[in-house]
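Beneath this line is the structure, given in structure tokens, with notes to follow.
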Amino acid sequence: MRFAELIIALIVLALFCSAGQALQAFSGDTVSIDSAVADDIIAAGNMVSINAPVDSAIVAAGTVNVNAPVKGDVIAAGGQVYVNADVGGKVVAAGGNVNLGADVGTNLVAAGGQVNILPGKSIGRDALIGGGQVVNAGSINGTITVHANQFNNTGSAGLVRFYKAEDSSPKKKDYEDGFNIFSLLSMLGYFILGLLLVRSMPGIMQAVDGEVRSSTLLKTLLGFVMIIATFIALLLVAVTVVGLPIAVIAALLFFAAIMLSGTFISFSLGKWIGERARINQGDLVYFIIGFVILNVLSLLPFVGGLVSLVSMSLGFSAILYAARRMTGWAKAA
């Protein structure tokens, strides 16, 4: 497994470890937590700012600002991640830029284009960092392990392990870097989208979940066949001048359903696991559990492709069945 995928796996595993706890959820374009929350929180939005103490935080946003002390762990993903207040537990962060301007009680796991540990800041145990450019001007009590193109270490650590990114042709290197960043940002985007769908359209999520649980194997096979058949049909319609507008609109709907299939399967998988494990924390937690497990499975060698194919096929079929059933209800009404 490539190092970038390992970092992603660590992030989603950390999310999974936190998902069983009680929590409060926040979402919106701009989220500002200005009152202390004596609980764990999960937040998603374009910008999320934690301005008051919380027990622990799971945050996905374009910009993440941690401006108040966090008693437990901080798990954050975004374009910009700023940790400006002390964290009692571990910090797991991924983003275009990750800036650590506070003390961390235990471990740091970070991945980003630029990762900075600012002067005078300390890590209680170990740090595992992957990025394009990494700067350590702080103090790590344990081992700092860095996989990066450039590493500027003006701080201190019990043990330093630096692995320079392998040299390759510029085109190949640019492709690999771009692919890894795209994968991480896509995962972040799907995570935020799933949270918003569960929060704003619970009825649709429940309807698709009902179809996923009914004749699961049959619908997986039908979904695979329908994806191929739909793609062929779109090509046949598109070759005609009259049918081109229909083909374009249908293609947009088709690809939207394909892209959303994993989101719905994540919710159904998480709900199925949560019900059997008797985790009664609500739909948002169910989605997080399913999202984590599904993405970890998709990263595994050999079986990852099969997991993605099954998820896409079952999700696509369930979406169509649910749409037909809901349309039927609308007509009946």
_Cβ charges +1 (Lys, Arg) and -1 (Asp, Glu), total dipole of segment 60-134, debye_ = 20
_Lys, Arg +1 and Asp, Glu -1 on Cβ, resulting dipole of segment 202-332 about Cα centre, debye, nearest 20_ = 240
_For 254, 287, 231, order by how many other beta-carbon atoms lie within 10 Å, fewest first_ = 231, 254, 287
*Give, in whole angstrom and from largest to smallest, the semi-axes √(5λ) of the equivalent ellipsoid of segment 3-164, with λ running over the eigenvalues of the Cα gyration tensor.*
25, 15, 14
*So what's the Cα pair-distance distribution over segment 193-333, bin width 5 Å, in %?*
2, 10, 17, 20, 19, 15, 9, 5, 2, 1, 0, 0
*Projected onto the charge dipole of segment 3-164 (+1 at Lys/Arg Cβ, -1 at Asp/Glu Cβ, origin at the Cα centre), which of 152, 84, 31 gives the Cα projection farthest towards the positive end?*
152
_Cα-centre dipole for segment 3-164 with unit charges at Cβ (Lys and Arg positive, Asp and Glu negative), debye to 20_ = 540
*Hey, how many Å between the Cα centroid of segment 207-237 and the Cα centroid of segment 49-75?*
40
*asked:* Within 15 Å, Cβ to Cβ, of residue 48, how many net charges do the neighbouring residues add up to if Lys/Arg are +1 and Asp/Glu are -1?
replied: -2
_Spin-label model distance (nm) - residue 324 vs residue 186, 7 Å beyond Cα toward Cβ_ = 2.9
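Rule-based calculations on the coordinates, nothing more; no lab input. In this text, all values refer to a predicted model and were calculated from it rather than measured experimentally. Cβ: placed from backbone, ideal geometry, glycine included. Neighbour counts: every protein chain shown.
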